[in-house]
Amino acid sequence: MENGQKIKIAMFSTQDNDVLYFNQANPEGKYEIDYFEEQLNPDTASLAAGHDAVCAFTNDIINGEVASRLVSEGVRTVALRCAGYNNVDLDATHGVLPIANVPNYSPYSVAEHAIAMLLTSVRRIHKAYNRTREFNFDLDDLVGFELHGKTIGVIGTGKIGKKFIDICNGFGMNVIAYDKYPDEASSIHYVSLDELFRNSDIISIHCPLTEETEHIINKDSIAIMKPGVIIINTSRGGLIDSDELVEGLINKKIGAACLDVYEDESNVFFHDLSNHIMRDEILARLLSMPNVIITSHQAYLTDEALRNIANTTLNNIEQLLSTGHSENEL
Ligand code: NAI
C-alpha cells in the first residue's frame, strides 16, 4: 500500500487456527487483520466496513448482494482461504470486485485424510479406539478387509484425485477413474461414470461441486453400485444426496460412508454443539450409524497446508490490491 499504510483485512468465519497461521504469516504487521467469527452473508457484510479486503472461507456466502454491500463498505477485493469456490456466485460478482482462491496449497492433506478415513472404516479403528479406552479388549465385530486387490473408483482426477490415486496404487488397489476432462497424458485407467459406479468396491469423490455434479451420488447411481460399496467424500457435501445416502445405508446397499463434508454443514461444522440438541435429523441419523465416519471439513487441516494457505491468501490480497489482478483470480 502507498505510504507504508497497512492493508486492512476483515476475516470471516475465523477459527483459532486461522489466527495462529495468519499471524505467523504476517510477522512484520504489514497487514492489519480483524478476525470475525461471523459467517459472511448479506447481514454480516457491514462488518467489513473500512477494510481493504475480505478473507472468506468455504461456507461464507459470496453472491451479488454480498459483493455490492462489500463494495459500498469500501472493500476492494475478496480472497478465499480455500480451494473450492462453489460458495461464490461468479456470474453475479464478476466485474463487481475481484476474487481469488488458493487452488493448490497441499493436495496431500486432503488425499491423505481420505485414506485415513478409509483405513479407519475398513479396519474398524474408530470402534477399537473406543473399546480399548474402556479396557474392553474383545475382538468381536472388528473383522475388517484388505485394500489390496480391491477396485477403487475415483471421481475427479485433478490435483487431489491424482495424489489419492498414487496412494491407492501403493496399496496395490485396482484404480479406475472418471473425469469430465480426463488427463490423456497420464496412465490413469479412465472408465465411464456408469462403469465406475457398477464396478467399484470403494468410491472416492474429488471433483468440484457444480450444477452438473450436484447429487452425483443419488438414488439412481446408488442403485447400480455394488452391494456393500464404501463411499468417501472429502470434496463437497452437495455431491451426495444425503437422504438417499441414509436410505442406502439403512437398506445395506452402502456398506460404509466416510464423510469430511456434508450437504448442510454450514450451520454445524466448525462449531462446538456438544451441549445442544442436534436439529439436523439426517446428520443425527448418519452419526448414529456404526459404519459412518464424519469429520467436520478438516481434510485440509495440516500444518503444511495452513502455512501455504495463509501465505498465498496474503499474496493474493496484495496482488489484487496493487495490480487489480492475481494469478489465482477466479
Ligand atoms: P482440481 O481442480 O485440481 O481437480 C478437480 C477435477 O475434477 C479436475 O480434474 C476436473 O476436470 C474434474 N471435474 C470437473 N468437473 C467434473 C465433472 N462434472 N465430473 C467429473 N470430474 C469433473 O481440484 P482439487 O484441488 O483436486 O480439489 C478437488 C475438490 O476438493 C475441490 O473442488 C474442493 O471441493 C475439494 N476440497 C476439499 C477440501 C477439504 O478440506 N475437505 C480441501 C480442498 C479441496
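The values are calculated or read from the model by the stated rules, or taken from the named source; none is laboratory data. Since the structure is predicted, the reported quantities are computational estimates derived from the model, not experimental observations. Ideal geometry is used to build each Cβ from the backbone, glycine not excepted, and the neighbour counts take in all protein chains shown. Each accessible area value is taken on the protein alone, full model and side chains, heavy atoms only, with ligands, DNA and RNA left out. Shrake-Rupley method; radii C 1.70, N 1.55, O 1.52, S 1.80 Å.
Computed from backbone phi with θ = phi - 60° and the Karplus coefficients 6.51, -1.76 and 1.60, the 3J(HN,Hα) list for segment 235-240 is 9, 8, x, x, 6, 10 Hz; x is used for glycine and proline. Protection proxy ranking of 315-325, 73-83, 43-53, by the mean of other Cβ atoms within 10 Å over each peptide's residues and highest first, is 73-83, 43-53, 315-325. Straight-line reach from Lys30: which aspartates and glutamates have a Cα under 20 Å away, not including same-chain ones fewer than 8 places off? In chain and number order, the partners are Glu2, Asp18, Asp52, Glu318.
Using the average count of surrounding beta-carbon atoms within 10 Å as a protection proxy, the listed peptides 214-220, 294-300 rank, highest first, as 294-300, 214-220. At 1.4 Å probe size, with the rest of the protein present, what percent of the exposed accessible area of the chain is carbon and sulfur atoms? The computed percentage sits at 48. Scattering from segment 107-294 was approximated by placing one identical point on each alpha carbon and applying the Debye formula without solvent; log10 I(q)/I(0) at 0.09 1/Å stands at -0.32.
Here the chain is treated as an ellipsoid with the same Cα gyration tensor; its semi-axes, largest first and in whole Å, are 37, 22, 19. Within straight-line reach of Lys252, meaning a Cα separation under 17 Å, sit the following lysines at least 8 residues removed in sequence or on another chain: Lys219, Lys226.
Inter-part distance, segment 102-164 to segment 1-70, computed on C-alpha centroids, equals 34 Å.
For the chain, adding -39500 (n - 2.57) for each run of n ≥ 4 DSSP H residues and dividing by the number of residues yields -9500 deg cm²/dmol at 222 nm. List the pairs from Lys6/Lys162; Lys127/Lys163; Lys8/Lys163; Lys162/Lys253; Lys8/Lys162 whose alpha-carbon separation is above 31 Å, in the order I gave them. The pairs that break the limit, which is 31 Å between Cα atoms, are Lys6/Lys162; Lys8/Lys163; Lys8/Lys162. Treating r as the C-beta distance of Lys6 and Gln298 and R0 as 30 Å, the FRET efficiency rounds to 0.45.
What the chain shows is 50 Å² of accessible area per residue, with the surface traced by a 1.4 Å probe over protein heavy atoms.
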